[in-house]
Amino acid sequence: MLLVTGSNGQLGSELHKLLPEAIFTDVNDLDITDKSAVDEFVNAHHIDMIINCAAYTAVDKAEEDVAMAEKINIKGPENLATTDAKLVHISTDYVFDGNGHRPYLPEDEAKPVSVYGVTKLAGEKAVLAHNKRAVIIRTAWLYSSFGNNFVKTMRRLGAEKASLNVVCDQVGTPTYAADLAEAIVKIIPQVSDKTSGVYHFTNEGVCSWYDFAYEIMQQSGLKCKVMPILSAEYPTKAHRPFYSVLDKNKIKQTFGLEIRHWKEGLEECLKQF
């Protein structure tokens with residue numbers, strides 16, 4: 001039996017559409033930070049594969065709420081990893097400091113610069129230390145027709161305002177959660193001790209948040225003018241990586257995946273609205 005944790009989020013909601021036979025839980029159904037509850041649930045439902053979408057993702061809030069971020073992003077994945085089930089665990093580009101100038105390889109040294117990034121990296125290490133059949137997928141800039149995300153915010157503000165300021169010096173790749181969900185479904189049957197390790201998945205291409213916002217307005221037919229600004233003009237509590245493009249060759253070659261460009265993913269997502 002397959003278990004999806006964190007099922008009310010963007011990725012969990014997309015997986016819901018693709019895996020109707022799976023068991024879907026969120027914190028009200030299963031608290032992954034409670035080891036005895038996890039063990040009991042996994043045994044009772046004969047779970048042999050877990051997709052962990054649960055995470056503490058409030059990046060700025062995590063700077064002050066360190067204990068909760070550690071509990072959900074480290075202890076939770078560790079509890080899931082210590083069961084007998086295979087595990088697909090979702091991580092983030094925020095494990096990197098963003099000082100690079102070429103797409104990050106899964107093997108590159110991780111140097112997180114925020115509490116969120118630090119806890120997600122520690123969660124990765126806990127998973128690999130306790131489970132020899134675990135696939136960790138780092139992703140970035142996730143959006144969907146479900147939940148709250150950058151695309152929805154830009155569309156709402158774009159309809160309300162004549163112009164918007166968006167940072168142009170943070171570069172990465174948007175990821176349509178439905179594309180990541182489809183990739184996970186293809187990966188599931190191939191998870192074994194031979195494929196265990198860290199992988200990267202985003203859509204193809206590279207852009208800044210400004211470029212992303214501009215494209216959202218264009219594809220949505222909104223007249224709002226997007227103005228580029230520097231991160232220094234929009235200070236946040238948590239430091240963000242300036243460059244977090246992820247190299248996807250390993251996941252494509254290992255699992256036989258094809259990945260489309262981020263603009264194509266955005267176009268499909270907007271059709272859902």
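The values are calculated or read from the model by the stated rules, or taken from the named source; none is laboratory data. All values reported here derive from a predicted model rather than from experimental measurement. With ideal geometry, Cβ positions are generated from the backbone for all residues, glycine too; neighbour counts draw on all protein chains shown. With ligands, DNA and RNA removed, areas are computed over all heavy atoms of the protein, side chains included. Shrake-Rupley method; radii C 1.70, N 1.55, O 1.52, S 1.80 Å.
Each residue in the range 146-181 was checked for being over 14 Å from the mean Cα position of the chain (by Cα) and in a helix (DSSP H, G or I), and 10 of them qualify. Taking the range 168-181 as the range and being in contact with an Asp or Glu (Cβ under 8 Å, 6 or more places away or on another chain) and farther than 18 Å from H89 by Cβ as the test, the residues that pass are C168, G172, T173, Y176, A178. Cβ separations smaller than 7 Å between residues 6+ apart or across chains give the following pairs from the range 221-244 residues that are closer than 12 Å to S208 by Cβ to residues that are open to solvent by 60 Å² or more (accessible area, probe 1.4 Å) and modelled with pLDDT of 95 or more: V226/Y214; I229/N165. Within the range 127-145, the set of residues being in a helix (DSSP H, G or I) and aliphatic (A, V, I, L, M) comprises V127, L128, A129. Quick check: is even one residue across the range 95-117 in contact with a His (Cβ under 8 Å, 6 or more places away or on another chain), more than 26 Å from H261 (Cα to Cα) and not polar (S, T, N, Q)? Yes, there is a match, as at least one residue in the range 95-117 is in contact with a His (Cβ under 8 Å, 6 or more places away or on another chain), more than 26 Å from H261 (Cα to Cα) and not polar (S, T, N, Q). Does D97 satisfy being touching a Gly at 6+ places or on another chain (Cβ under 9 Å), surrounded by fewer than 17 Cβ atoms within 10 Å (Cβ to Cβ) and modelled with pLDDT of 95 or more? No: the conditions fail for D97.
Among the listed residues K250, K263, K194, K186, identify the single one that is open to solvent by 10 Å² or more (accessible area, probe 1.4 Å) and either in a loop (DSSP other than H, G, I, E, B) or polar (S, T, N, Q) (or both). Checking each option against the conditions leaves just K194.
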